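Below is one structure; the comments refer to it alone.
The values are calculated or read from the model by the stated rules, or taken from the named source; none is laboratory data. Given the structure is predicted, the values throughout are model-derived calculations rather than measurements. Neighbour counts are summed over all protein chains in view; Cβ atoms, including those assigned to glycine, are modelled from backbone coordinates with ideal geometry.
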Amino acid sequence: MSTATVKRFKWFWPDQDIEQEQWLRAMALQGLHLKSLNLLQFWSFEQGAPADIVYRVDFSNEAIKPAYRQLLEDAGWKEALQFCGWQYWRTQAVNGRAPEIFSDAASKGAKFTRLLGLIVVVSVPSMLLIMSPSKNAGFGQLSWPLLVLTGAALLTNMVSLVRLGARVLRLRREQH
């Protein structure tokens, strides 16, 4: 017997890990269990029995290291999905309580700092291309659709940088 797949569109900014986790838990309570995700933020779920499943979202190169994976698995977490550097972990809620992967503001802040670095590295080539004073580069060489797409990606990255920076600052304040 095959299980049905349900797709949902839901946009999240990179700093909205808590909102993602809450939404994924609500979906699991409806019997929709995370299966996949694409770049346009269309989420795929396997339809099954409703369950109180807790999700945690991580962004780290550490997830591919066996010791990191083993640490989480020993704590009862199962990897639900890896997507573009993000790792989605899930476990059964215990008496309605949601266990944590990150227990302190410093480790949460480190997750977002890693993500900030990646967005900066990805954004710089686009910024240089668009801002190039040469007529053989920049605006002059881009078709309108590509220019719009590049501009939208750059704007999205800039908004993400501001939101992530604000989140990191809030977490640093929590530490003190």
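Tabulated data for the structure shown
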| quantity | calculated |
| --- | --- |
| Qualifying positions in the stretch 1-33 - over 16 Å from Val54 (Cβ atoms), modelled with pLDDT of 90 or more, of a type in the set (A, V, I, L, M, F, W, C) and more than 17 Å from the chain's Cα centre (by Cα) | Ala4, Val6 |
| Given (1) over 30 Å from Pro50 (Cβ atoms); (2) at pLDDT 80 or above, number of the condition Met131 does not satisfy | (2) |
| Flag for Gly117 being buried (at least 18 other Cβ atoms within 10 Å of the Cβ), not assigned by TED's automatic domain parsing to the domain that holds Glu73 and not charged (D, E, K, R) | no |
| Selected residue [closer than 22 Å to Arg163 by Cα and either aromatic (Phe, Trp, Tyr) or outside the structural domain of Ala153 (by TED's automatic domain parsing) (or both)] from Phe9, Phe45 | Phe9 |
